Amino acid sequence: MAAAPEAVIRILGRRSAFNVQKVLWLLGELELAHEQVEVGGAAGGLDEPSFLALNPHGRIPVLCDGPDTVWESHAILRYLAARYGEEALYPPDPLARSQVDRWMDWAHTALQPAFMALFWGYYRTPEPQRSPRHVEAARRDCARQFEQLDAQLATRPYLAGPAFSLGDIPAATTLYRYFTMGLDVPEPPHVRAWYERMQARPAFREHVMRSYEELRGRVAH
């Protein structure tokens with residue numbers, strides 16, 4: 001693992017933002033000193049020139065590591081793991097690393113859209129405005145994604161192999177909200193056991209298992 005930076009890392013984004021939590025979780029795993037700055041949501045600031053100079057797309061999270069800036073949550077995860085992580089977290093072997101990358105990309109393109117459709121349709125939409133048909137369709141789609149996770153986790157304790165890696169973080173960040181938002185959802189046994197392994201990790205408990213009550217019934221970003 002590389003030496004910790006002398007300058008404190010800054011992560012810009014609100015703590016309750018799903019993509020920000022991925023990064024905060026990894027920072028906790030790496031035990032890297034960091035400062036989290038509330039940007040977005042009620043804090044605003046996404047359209048400020050100073051923020052757009054860091055990320056021209058006006059989205060969180062943004063990582064500032066001394067003079068270096070990285071945006072897009074999975075790019076940030078890969079940067080931190082490559083620069084400060086152990087080999088087990090992000091293997092240097094191309095094939096082993098591809099296994100990590102596959103699950104990161106799958107989480108981003110398949111699981112996260114399904115989960116967010118369910119979370120927004122059920123939790124973030126005020127009850128009088130909810131569409132039961134939309135919620136049920138999103139619940140079924142999300143369940144299909146978790147069935148795929150369950151099949152993988154039936155053969156190994158973590159997504160990319162026998163040890164926790166960067167491949168677990170994007171998908172596992174969904175678990176706390178999926179199981180606690182108050183909706184009856186399937187609980188595949190191997191996914192549930194994986195969730196219990198995540199709960200044993202202090203950084204997961206600190207950065208992912210946080211109240212998200214502020215988001216209830218709030219349809220604005």
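Read-outs: derived from the displayed coordinates by stated rules, not from any lab. These numbers come from a predicted model, not from an experiment. Cβ placement follows ideal geometry from the backbone for every residue including glycine, while neighbour counts extend to all protein chains displayed.
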**Q.** Cα-Cα pairs of segment 12-107 separated by more than 15 Å (percent)
**A.** 62 percent
Q: Just name one of 37, 69, 57: the one whose Cα is farthest towards the positive end of the charge dipole of segment 9-84 (beta-carbon charges, Lys/Arg +1, Asp/Glu -1).
A: 57
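Can you give the helix-only mean residue ellipticity at 222 nm for the chain, where every DSSP H stretch with n ≥ 4 adds -39500 (n - 2.57) and the sum goes over all residues, rounded to the nearest 500 deg cm²/dmol?
Details: 10 runs with 97 residues, N = 221.
It comes out at -12500 deg cm²/dmol, rounded to the nearest 500.
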Q) Just how large is the dipole of the chain about the Cα centre, in debye to the nearest 20, putting +1 at every Lys and Arg Cβ and -1 at every Asp and Glu Cβ? A) 640 debye
Q. Over segment 94-211, what per residue volume does the convex hull of the Cα atoms give, in whole Å³?
A. 96 Å³
Q.
Once the convex hull of the alpha carbons of segment 161-221 is built, what does its volume come to per residue, in cubic angstrom?
A. 107 Å³
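For an R0 of 35 angstrom, estimate the FRET efficiency from the Cβ-Cβ distance between residue 200 and residue 129 and round to the nearest 0.05.
Values: r = 38 Å, r/R0 = 1.09.
The computed FRET efficiency comes out at 0.40.
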Q: Return a whole-number percent for the relative contact order of segment 9-84, with Cα pairs under 8 Å and 6 or more residues apart as the contact set.
A: 36 percent
Q: Find which of 185, 122, 148 sits farthest along the positive direction of the dipole of segment 94-211, computed with +1 on the beta-carbon of Lys and Arg, -1 on that of Asp and Glu, about the Cα centre.
A: 122
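Which of 165, 131 has the fewest other C-beta atoms within 10 Å, and how do the rest follow up to the most? Mind showing how you got there, number by number?
Numbers: 165 25, 131 12.
Lowest to highest Cβ neighbour count: 131, 165.
Pop out the Kirkwood hydrodynamic radius of the chain from its pairwise C-alpha distances, inverse of mean 1/r, in Å to one decimal. Walk me through the numbers on the way to the answer.
Numbers: mean 1/r = 0.0552 Å⁻¹.
Over the chain, the inverse of the mean reciprocal pair distance is 18.1 Å.
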Q | Alpha-carbon centroids, segment 134-179 and segment 16-56: separation in whole Å | A | 24 Å
